[in-house]
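The values are calculated or read from the model by the stated rules, or taken from the named source; none is laboratory data. Just so it is clear, the structure is predicted and the values come from calculations on it, not from any experiment. With ideal geometry, Cβ positions are generated from the backbone for all residues, glycine too; neighbour counts draw on all protein chains shown.
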Amino acid sequence: MIDWALPAQNLHNLIRGLHPWPHAVTFHRNRRLILHRSNVLADVNGEPGTVLESQGDHLHVAAGRGALAITEIQPEGRRAYADSRLSRRASGRRWGPADDALMIAPARVAAYQVLSAVSSGRADLPDALADARGTLRDDRDKSLTAEIVIGVQRWRATLDYLIAHFSKRPTERLDPEVLEVLRLSAYQLLHLTRVPASAVVDDAVNLTGRAGKRSARGLVNAVLRSISRARRRCLCPTAPIVPTTKKRRSTI
């Protein structure tokens, strides 16, 4: 998710790093826009997120310092293109966040739905995963959903230990919806290192609100940021060493 308050160079680096997937995303009137390529305009300024008058072939969008020339863009449901066909109608309008439901990556929403269905006993894992994958258009989202769900199931005990440690409460005291969000997000922070930690945490906070647990968003944010900061260290206790006894040789 693009934060237009950041300097243009930072945003340009983010777009490059997330291309071709999982994408740098912004919104215009709740319509999802994927930004594939850009150039930095150091001497152009304006209100962050505002689409400026374009002098060339591309849209110019103001950032916190400087602006970006968007050289390849893909509106939701359409192919990517590299011209300024949006500029006539978009000039002067603001790009930025959309509603919580639209901001969350589809694969994370699908993974949450699968884990919730399995944990509540409404479905078994293969059926729930097949149903969720059927709602996704992009094969990469389908693969990511499966990777998150299977990874959470495989590492559930470790994830629950970390969640209890950083939340300072047993997992039984957490709402089921909050616990599933924490599990799938903690798994991504620890095992899917290509995905930016900030995107994981932001989606987790929004997903918590979408699940009807808005009061728990601060807890989710704090727990995941703690896990993210500590993820390069050994976070789990080592298994206890069981003393072994040497067999005596029989002298008979």
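Candidates are the residues of the stretch 217-234 that are touching a Ser or Thr at 6+ places or on another chain (Cβ under 7 Å) and crowded, with 21+ Cβ neighbours inside 10 Å; the one that is nearest to Gln113 (Cα to Cα) is Val220.
Being at pLDDT below 90 and under 20 Å from Arg108 (Cα atoms) is true for just one of Thr26, Thr71, Thr50. Which residue is that?
The conditions single out Thr26.
Among the residues of the stretch 158-197, those that are assigned to a helix (DSSP H, G or I) and under 17 Å from Arg214 (Cα atoms) comprise Ser167, Arg173, Pro176, Glu177, Val178, Leu179, Glu180, Val181, Leu182, Ser185. Please specify each residue of the stretch 176-185 satisfying the condition of being modelled with pLDDT of 95 or more and in contact with a Lys or Arg (Cβ under 9 Å, 6 or more places away or on another chain). Of everything in the stretch 176-185, those that are modelled with pLDDT of 95 or more and in contact with a Lys or Arg (Cβ under 9 Å, 6 or more places away or on another chain) turn out to be Val178, Val181, Arg183, Leu184, Ser185.
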